[in-house]
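A.B. asks: Following this message is one structure expressed as structure tokens.
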Amino acid sequence: MLRTKKIGNLEHLHLYCPSRHLLRVRHFSNSKIEDALQKIYDFASYRERNCSRTGNVRMTTLQENLITAAKEAELQERPTVQQSRLVYESRSTNIAIRSEHDVKLLVCLKQLPLTKTKDYEQFPLCCQFGFIPAIPEGVFDTALATVTDVGFLGFFPKRVYQELRRYAREIESSTPSESPEFTSLFDELIDAFIYRPATIQRAIHFLIAKHTNGIEKLAKRREAKAQSEMNEIPSGPPENTTNSNEQEETPIMSQSLRSQVKRPCHATKCRLLHAKGIVLRQQFCSAGRNICSGCSNEAAKQRKTAQLEKEIMELSVENSILAPLLNIRSGPTSIKNFRHMLICLPSFAPRKNREDCIYGAARYLANTFGLQLEKTQSSTLLDEPMSIPAVKHMWRQATFLCRCPPRQEISTAQTSTVRSFCGICSFLIPLPSAKGCLSCPSCHRQDPWNNDNSPCLSCQFASIVHRNPFGRRYSILQNVWLSTLQESDNSSISDNPDSFPSPSPSTYASPSSQDQLKKMRQAALDESIRSIRAKSSPEENKFVFENLLLLQKELHDASTSKRDFDSILSDSLGTTELIEENLSPRKKGSLTKKLFPEESICSRATASSSRKPLIPIDMNAMHMSSQISKRESENNAKANSFTGRQRKNQQRIMRAKEEKEKRKER
């Protein structure tokens, strides 16, 4: 590669910079232009030969004319700047438009970067027009550039444009019905060509923003230092002044070094994600702040969520406005559609300025109501949606009215001027109904929903917000995942809004060891199993949860106790015995085949049992207990004459017979 001093110039950043961000932007923009050219060529191929461009043996007439026009445009006479004078000259050969062989040769000579060959392989149509110039960076000179060379600035070659306009007029005169289609394809090509420099320049601004801020700070610091030196009156020998200047520079350097040290964020979101195992470490704080950008955005979302909940508490609109929201409980919808349905809220009203936090707040509000939104990669990190039975139960409770004694305690958690809630049961407090008044029993402002006794939809939504606010769910999440952590001294800033319930003091610390994280995750899994078991019927979890609990206990014993290899084998075999005994009944033909495999009989005979196996028989029944006692006495009588293997085989056979008798009784 030729050495050049053009690094940082506009043509270097747009055409030659090897930054991975700019490479991705250039690839995206060139692909847009390539797609637009392919559509135009396919249109011309179907028009001329009634087949696609890939199925055509030779190029279309339009493609040949466009390539010729592009090469002629590069060779046209143009004004150049030479030795501070304006000189008109033209090129003898094409430099920006080259064949693939010439480009590979320049790459071998290290005059072009290796990415140019990839561009010719991925965007051959763009290279035919010179939209991706093949000029080495050391040779490129803006003072001698043609219209093809400066295409990276958004200047479309006039000669190519004239050829496309001529073809458009030809279509309009011969087949007017196809003219609108070609015009749209033509406009798409122009838009993609002009879109490329704007997109790349935007990415350049993002990349140099940090350096620009640093340069501005350095300039201000130098100006302040120069101003202070001019105002300073020398009052001592030169040696003292130099020493003072060195002393002034030393704290500045130490301060800049301190500012470069990255501090981990100790806000609630980072600690929750780290405790859950979603992120390996906490994010670093933003410059000049004690929290990271993600926690700052999360705090804005939660403040907006609290504002939305207050607006719901004061909401009083007709039932027809809120009725479409009930359909989202069964099928997901987008956040945009959800906001449009709740446009009656002031926070969801259209605004000129953009609020990024409103999207996260809308998702939290939808989870409060149990409504389904389209899932994203990070939609369930801090607030998981409720299950369908829980949603039904919550909406059923939203129609309940308080039936406490006459002296009701009004809740002060969330005050509302429209309706009131009981401080004991948290349900809506009915107002004294007037004679002949067929309105909502809790607000007397809207019509009741579905029947005369149920509250209106506004009151139901307010009741759900009062009973299931986001702040309460967020506090539960903190207490579950951060309950065993100690308080941290340097984590005074939290992303929890003031309106949310304050968590316990122990939630502001970092985990001290990996063992605590394992215990917390184990507690979360236990809680999930208990909740699933509580929501399902006994028939559904009769065999499943018994096996899960046995497996869970076995894993816990294996992880906590240190044993030798023989004892581990014996426990694992005992576990398989218990699992087989608690399985659901099998077919009669395959019962004996699967209950007594030869491998298990041989292996269990040598293993020592670590605990007494469970007996799946109702021990409370009188006839069963008598039968068991008789059989146990017979077994004890025969035990002296049997060997250990025969005795265990006999016990298994007896248990199988007992299971058969029990199934017959059922």
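The values are calculated or read from the model by the stated rules, or taken from the named source; none is laboratory data. Keep in mind it's a predicted model, so treat the numbers as computed, not measured. Because the Cβ atoms are built from the backbone with ideal geometry, glycine has one as well, and the counts that use them run over all protein chains shown. Just the protein is used for accessible areas: all its heavy atoms, side chains included, with ligands, DNA and RNA removed. Shrake-Rupley method; radii C 1.70, N 1.55, O 1.52, S 1.80 Å.
A.B. asks: If a residue must be within 30 Å of ARG98 (Cβ to Cβ) and open to solvent by 90 Å² or more (accessible area, probe 1.4 Å), how many such residues does region 170-193 contain? It would help to see each step written out before you state the result.
C.D. replies: Step one: filter region 170-193 for residues within 30 Å of ARG98 (Cβ to Cβ), giving 182, 185-193.
Subset that is open to solvent by 90 Å² or more (accessible area, probe 1.4 Å): 191.
Qualifying residue count, region 170-193: 1.
A.B. asks: Related question: Would you confirm whether any residue within region 208-224 is within 27 Å of GLN63 (Cα to Cα) and open to solvent by 90 Å² or more (accessible area, probe 1.4 Å)? I'd like the intermediate steps shown before the answer.
C.D. replies: Restricting attention to region 208-224, the residues satisfying the condition of being within 27 Å of GLN63 (Cα to Cα) are none.
The answer is no, given that none of the residues of region 208-224 is within 27 Å of GLN63 (Cα to Cα) and open to solvent by 90 Å² or more (accessible area, probe 1.4 Å).
Residues are listed down the side, and each one gets a yes or a no for (1) closer than 24 Å to SER31 by Cα; (2) in contact (Cβ under 8 Å) with a residue 24 or more places away in the chain; (3) surrounded by 14 or more Cβ atoms within 10 Å (Cβ to Cβ):
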position: MET59; (1), (2), (3): yes, no, yes
position: VAL81; (1), (2), (3): no, yes, no
position: ARG98; (1), (2), (3): yes, yes, yes
position: GLN122; (1), (2), (3): yes, yes, yes
position: ILE132; (1), (2), (3): yes, yes, yes
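A.B. asks: Is there a residue in region 43-53 that is within 14 Å of CYS126 (Cα to Cα), surrounded by 18 or more Cβ atoms within 10 Å (Cβ to Cβ) and basic (Lys, Arg)? I'd like the intermediate steps shown before the answer.
C.D. replies: Filtering region 43-53 down to residues within 14 Å of CYS126 (Cα to Cα) leaves none.
No, there is no match, as no residue in region 43-53 is within 14 Å of CYS126 (Cα to Cα), surrounded by 18 or more Cβ atoms within 10 Å (Cβ to Cβ) and basic (Lys, Arg).
A.B. asks: Turning to a different aspect of this structure: Looking at region 155-169, is at least one residue open to solvent by less than 20 Å² (accessible area, probe 1.4 Å), of a type in the set (Phe, Trp, Tyr) and touching a Lys or Arg at 6+ places or on another chain (Cβ under 8 Å)?
C.D. replies: Checking region 155-169: not a single residue is open to solvent by less than 20 Å² (accessible area, probe 1.4 Å), of a type in the set (Phe, Trp, Tyr) and touching a Lys or Arg at 6+ places or on another chain (Cβ under 8 Å).
A.B. asks: I'm trying to understand the selection: among the residues of region 304-323, which are among the polar types (S, T, N, Q), part of a helix (DSSP H, G or I) and open to solvent by 30 Å² or more (accessible area, probe 1.4 Å)? Break it down stepwise before answering.
C.D. replies: So in region 304-323, the residues among the polar types (S, T, N, Q) come out as 305, 307, 316, 319-320.
Filter once more, so that each one left must be part of a helix (DSSP H, G or I): 305, 307, 319-320.
Result: GLN307, SER320.
A.B. asks: Do we have LYS352 as more than 26 Å from GLU318 (Cα to Cα), among the basic types (Lys, Arg), in contact (Cβ under 8 Å) with a residue 24 or more places away in the chain and not in a helix (DSSP H, G or I) here?
C.D. replies: Considered against the rule, which asks whether it is more than 26 Å from GLU318 (Cα to Cα), among the basic types (Lys, Arg), in contact (Cβ under 8 Å) with a residue 24 or more places away in the chain and not in a helix (DSSP H, G or I), LYS352 comes out as no.
A.B. asks: Tell me yes or no: at least one residue of region 272-291 is in a helix (DSSP H, G or I) and modelled with pLDDT under 80. Write out each step before concluding.
C.D. replies: The initial filter retains those residues of region 272-291 that are in a helix (DSSP H, G or I), namely 272-276.
Of the ones still in play, those that are also modelled with pLDDT under 80 are none.
No: zero hits.
A.B. asks: Suppose we keep only residues that are small (Gly, Ala, Ser) and open to solvent by less than 30 Å² (accessible area, probe 1.4 Å) within region 324-364. Which one would you say is nearest to SER293 (Cα to Cα)? It would help to see each step written out before you state the result.
C.D. replies: Taking region 324-364 first, the residues small (Gly, Ala, Ser) are 330-331, 334, 347, 349, 360-362.
Retained after the next criterion (residues that are open to solvent by less than 30 Å² (accessible area, probe 1.4 Å)): 331, 347, 360-362.
Details: GLY331: 33, SER347: 23, GLY360: 15, ALA361: 17, ALA362: 20 Å.
Out of the qualifying residues, it is GLY360.
A.B. asks: Please list, ordered by first then second residue, the pairs with beta carbon atoms under 8 Å, 6 or more apart or interchain, first in region 377-398 and open to solvent by 30 Å² or more (accessible area, probe 1.4 Å), second assigned to a loop (DSSP other than H, G, I, E, B).
C.D. replies: As it stands, the answer is LEU381/ILE278; PRO385/GLY370; PRO385/GLN372; MET386/GLY370; ALA390/GLY370; GLN397/PHE427, since those pairs meet every condition given.
A.B. asks: Name the one entry in ARG49, ARG91, ARG78 that is closer than 27 Å to SER184 by Cβ and not hydrophobic (A, V, I, L, M, F, W, C).
C.D. replies: Details: ARG91 fails: closer than 27 Å to SER184 by Cβ; ARG78 fails: closer than 27 Å to SER184 by Cβ.
ARG49 is the lone residue from the list that is closer than 27 Å to SER184 by Cβ and not hydrophobic (A, V, I, L, M, F, W, C).
A.B. asks: Let me ask something additional. When region 157-188 is examined, which residues are found to be in contact with a Leu (Cβ under 9 Å, 6 or more places away or on another chain) and under 30 Å from GLU11 (Cβ atoms)?
C.D. replies: VAL160, GLU163, LEU164, PHE186
A.B. asks: So, in region 190-233, exactly how many residues are out of contact with any helix residue (DSSP H, G or I) (no Cβ under 7 Å at 6 or more places or on another chain), of a type in the set (A, V, I, L, M) and under 23 Å from SER29 (Cβ atoms)?
C.D. replies: Residues in region 190-233 being out of contact with any helix residue (DSSP H, G or I) (no Cβ under 7 Å at 6 or more places or on another chain), of a type in the set (A, V, I, L, M) and under 23 Å from SER29 (Cβ atoms): 5 in total.
A.B. asks: Another question, then. Within region 100-117, restricting attention to residues that are touching a residue at least 60 places away in the same chain (Cβ under 8 Å) and of a type in the set (S, T, N, Q), which residue is farthest from LEU15 (Cα to Cα)?
C.D. replies: Here the residue is GLN111.
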